[in-house]
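Novice: Quick one: the structure is below, questions incoming.
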Amino acid sequence: SKQVGRRMAMILLSSLCAFFASALSAPRRRTTTTTRRGHIVSLSLGAWWSKAASGFSGTNDVTKTVSGIRRRRLGASDIEVSELGIGTQRWGSTDFNAPDEALCHAMLSRAVDCGVNLVDTAEQYPIPSSTDRPEGLTEEIIGRWKGRRQDLVIASKITGGLNVNKKNIKLDCEGSLKRLKRDYLDVYLLHWPARYTPQSNWGQSLEYAWTYGRRNKMVASSFEDVVEAMGELIEEGKIRGYGSCNDNAVGLMGLCAAADAGGVPRPVAFQNDYSLLNRRIEENGLSEACCLENVGFMAYNVLAGGMLTGKYGLDLKDLESPPAAVDDPDEARAAVSARNPRGRMDTRGWGLTLGRYRTPAARRAAKQYFALAKKAKIDPAAFALRFAAGRDAVTTSLVGHTSLAQLDASIDAFRTAAAARGNNPLPVWDIDKVHLQNRLPLFALDDAGAQFLEEDPNIGLIGERIP
């Protein structure tokens, strides 16, 4: 057995030597590295391996731990982000439990004091907005914070779709900088792609509509347009890095190829919905693309709109723990939940919009994950957060909070994950077994026929195309 072991070791060593020799002698091809302020420049593959041998690190590598919270490298840049990021979608919004400006500032101070440096926002926030709480208010709230602003890493987004063009990318960036009272953004993202793509966000779309896609291509900004504008913003010192939100592997590879062809810095981050109930990026190519192209990944809705916290019942007939108000067949009980909402799932607007987290399949899966959390003696929300913190694909998790107590609980979960030092105490295989039984619960509809509008069978739950 020792001889077999030595032989296997020699074969492995020979293969590695051949691989590195091949890489070092390969034709020059652009990858990326960084220069001042995190700006990314081209680097040959051979030079990349030379830097690798001298300690060059890639995306998601842990760079340090601050107050118990790990920092990870974002893409090929020198941007370092905390594993826990602060989501701000509803800061200053019209929601019943939206954090007001004083609470938002208190959360920023608490976050920075506890080692959290990443804040994610967008020009379109808050959602929902109104005339007296307009889009852009969230950035203004962040901009008025008087705390340790130099310690923040801020990511913001330009509204997607046909709003994305070279002129607007630069114009909207200036607007965000003005509202945030900053000279530059650390990361600037497309809120959703310029091009049409199904399931880019939350839809139940079944396939890519070729006819619509071809028509859309004629009017949507190209990958080349996007990276050219982002490259100019980097040259002007207005942003350190860029990327895309609610996108997929097609978008990542398209942006990387366009950047390489145009001599423009590559994207540093993509951002998508990810949780125990939505591991789609691990199977649709985006995780693989992020790994091979050295692009970071920001996960949002890690708590599945609150469904993984345990605050909502998962059985519609449960007498002790009521389901979300919009699902509750008991009208009297639903009215009580609506009058005294436990969270946004009890409100009609969010309850309908976030229906994907409450499909029958999603509720079945969540019930199984709660059983695993109970067996491991871990709070359901902490279980979900620690799961995200332990995934290779995830650079950082963006979590929204409506109180300092919620923020403290998130900080504690990520500190616990960091303290484990790679020895994940979660029952990973048991989690995977549940996943194998409920592969994509957010996109499964047991009652599909009843869910779609009879007058237009091509329209899904919230209006997205069903080709």
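The values are calculated or read from the model by the stated rules, or taken from the named source; none is laboratory data. Here the structure is a predicted model, which means the values were calculated and not measured. Reconstructed Cβ throughout: ideal geometry from the backbone, glycine too, with neighbour counts over all protein chains shown. The area values use the complete protein model at the heavy-atom level, side chains included, leaving out ligands, DNA and RNA. Shrake-Rupley method; radii C 1.70, N 1.55, O 1.52, S 1.80 Å.
Novice: Residue by residue through segment 103-109, what is 3J(HN,Hα) from phi via Karplus (6.51 cos²θ - 1.76 cosθ + 1.60, θ = phi - 60°)? Round to whole Hz and write x for glycine and proline.
Specialist: With coefficients 6.51, -1.76 and 1.60, one gets 5, 4, 5, 5, 5, 4, 5 Hz.
Novice: What list of whole percents do you get for P(r) of segment 227-328, with Cα-Cα distances grouped in 10 Å bins up to the one holding the largest distance?
Specialist: Histogram of Cα-Cα distances, whole percents per bin: 15, 34, 22, 15, 10, 4, 0.
Novice: May I ask you to give the solvent-accessible area per residue for segment 58-106, in square angstrom, as obtained with a 1.4 angstrom probe? Walk me through the numbers on the way to the answer.
Specialist: Working: 1570 Å² over 49 residues.
I get 32 Å² per residue for this part.
Novice: Moving to a separate point now. Determine the relative contact order of segment 173-323: mean sequence separation of Cα pairs under 8 Å and six or more apart, normalised by residue count, in whole percent.
Specialist: On the way: 208 pairs, mean separation 29.9, N = 151.
The normalised contact order for segment 173-323 reaches 20 percent.
Novice: Test of understanding: what is the full-extension gain from Tyr208 to Lys178, defined as 0.36 nm times their sequence separation minus their Cα-Cα distance? All intermediate terms of the calculation are to be shown ahead of the outcome.
Specialist: Details: separation 30, 0.36 × 30 = 10.80 nm, distance 3.81 nm.
Going from the current span to full extension adds 7.0 nm.
Novice: Which whole-number percent of Cα pairs in segment 227-285 have a distance greater than 20 Å? Mind dumping the intermediate values first?
Specialist: Numbers: 540 of 1711 pairs.
Result: 32 percent of Cα pairs exceed 20 Å.
Novice: So, one more: For segment 235-368, what % of the accessible area comes from carbon and sulfur atoms, probe 1.4 Å? List each step's numbers first, then the result.
Specialist: Values: 2550 of 4800 Å².
So the carbon and sulfur contribution to the accessible surface is 53 percent.
Novice: Oh, and also: For segment 120-137, in order, what is each residue's ³J(HN,Hα) by Karplus, 6.51 cos²θ - 1.76 cosθ + 1.60 with θ = phi - 60°, in whole Hz (x at glycine and Pro)?
Specialist: Couplings: 10, 9, 6, 5, 7, 7, x, 10, x, 10, 7, 4, 8, 10, x, 4, x, 4 Hz.
Novice: I would also like to ask the following. Any number yet on Rg/Rh for segment 290-386, C-alpha, Kirkwood?
Specialist: Checking Rg against Rh, the ratio lands at 1.05.
Novice: Tell me, what is the percent relative contact order of segment 371-416, built from C-alpha pairs under 8 Å that lie six or more residues apart? Before the final figure, lay out the partial values.
Specialist: Values: 21 pairs, mean separation 17.4, N = 46.
About 38 percent, as a whole number.
Novice: Sticking with this structure for a sec: Are there any chymotrypsin sites (Phe, Trp or Tyr not before Pro) in segment 79-159 that are in a DSSP loop and have at most 14 other Cβ atoms within 10 Å? List them by number. All intermediate terms of the calculation are to be shown ahead of the outcome.
Specialist: Numbers: sites: Trp91, Phe96, Trp145; in loops: Trp91, Phe96, Trp145.
Within segment 79-159, the qualifying chymotrypsin sites (Phe, Trp or Tyr not before Pro) (loop, at most 14 other Cβ atoms within 10 Å) are Phe96.
Novice: Turning to a different aspect of this structure: Putting +1 on Lys and Arg Cβ atoms and -1 on Asp and Glu Cβ atoms, find which of Cys104, Asn165, Pro128 reaches farthest to the positive end of the dipole of segment 81-167.
Specialist: Asn165
Novice: Using per-residue counts of other Cβ atoms within 10 Å, averaged over each peptide, order 252-262, 68-78 from highest down.
Specialist: Values: 252-262: 19.2, 68-78: 23.5.
Highest-to-lowest ranking by the protection proxy: 68-78, 252-262.
Novice: Now, a different point. Using 0.36 nm times the number of residues separating Glu320 and Asp446, minus their current alpha carbon distance, what extension gain do you get? Before the final figure, lay out each step's value.
Specialist: On the way: separation 126, 0.36 × 126 = 45.36 nm, distance 2.47 nm.
Working it through step by step, the gained length comes to 42.9 nm.
Novice: Any chance you could run the full-extension gain for Asp113 through Lys367? It's 0.36 nm times the residue separation minus the Cα-Cα distance, nm to one decimal.
Specialist: That pair, Asp113 and Lys367, stretches by 87.9 nm at full extension.
Novice: Past 20 Å, Cα to Cα, is the threshold; run Lys170/Lys238; Lys166/Lys238; Lys317/Lys375; Lys64/Lys146; Lys64/Lys238 against it and keep the listed order. Could the numbers behind the result be given before it?
Specialist: On the way: Lys170/Lys238 9 Å; Lys166/Lys238 15 Å; Lys317/Lys375 24 Å; Lys64/Lys146 26 Å; Lys64/Lys238 26 Å.
Table pairs above 20 Å Cα-Cα are Lys317/Lys375; Lys64/Lys146; Lys64/Lys238.
Novice: Still on this structure, please answer the following. Which distance in nm do the two modelled labels at Lys217 and Ala376 give, with both placed 7 Å along the Cα-to-Cβ direction?
Specialist: Those two pseudo-labels are separated by 4.4 nm.
Novice: Picking from Gly306, Cys256, Val295, whose Cα lies most toward the positive end of the charge dipole for segment 234-316 (charges on Cβ: Lys, Arg +1; Asp, Glu -1)?
Specialist: Gly306
Novice: What GluC sites (Glu not before Pro) in segment 283-331 are in a loop by DSSP, with at most 16 other Cβ atoms within 10 Å of the Cβ? Intermediate results must be reported in sequence, preceding the final value.
Specialist: Values: sites: Glu283, Glu288, Glu293, Glu320, Glu331; in loops: Glu283, Glu320.
Listed in order of number, the matching sites are Glu283, Glu320.
Novice: What percentages make up the Cα-Cα pair-distance distribution of segment 141-237 when the bins are 5 Å wide from 0?
Specialist: 2, 12, 21, 20, 15, 12, 9, 6, 3, 1, 0
Novice: Hey, another quick one. In square angstrom, what is the accessible area per residue of segment 137-283 with a 1.4 angstrom probe?
Specialist: Values: 5790 Å² over 147 residues.
Dividing the accessible area of segment 137-283 by its residue count gives 39 Å².
Novice: From the P(r) of segment 135-179, could you give the percentage of C-alpha pairs in the tail past 11 Å? Intermediate results must be reported in sequence, preceding the final value.
Specialist: On the way: 699 of 990 pairs.
In whole percent, the long-distance tail amounts to 71.
Novice: Still on this structure, please answer the following. Can you list the HN-Hα couplings for segment 86-96, worked out from phi with the Karplus curve (6.51, -1.76, 1.60; θ = phi - 60°), rounded to whole Hz and with x for Gly and Pro?
Specialist: Going residue by residue, I get 8, x, 10, 3, 9, 5, x, 7, 8, 4, 4 Hz, with x marking Gly and Pro.
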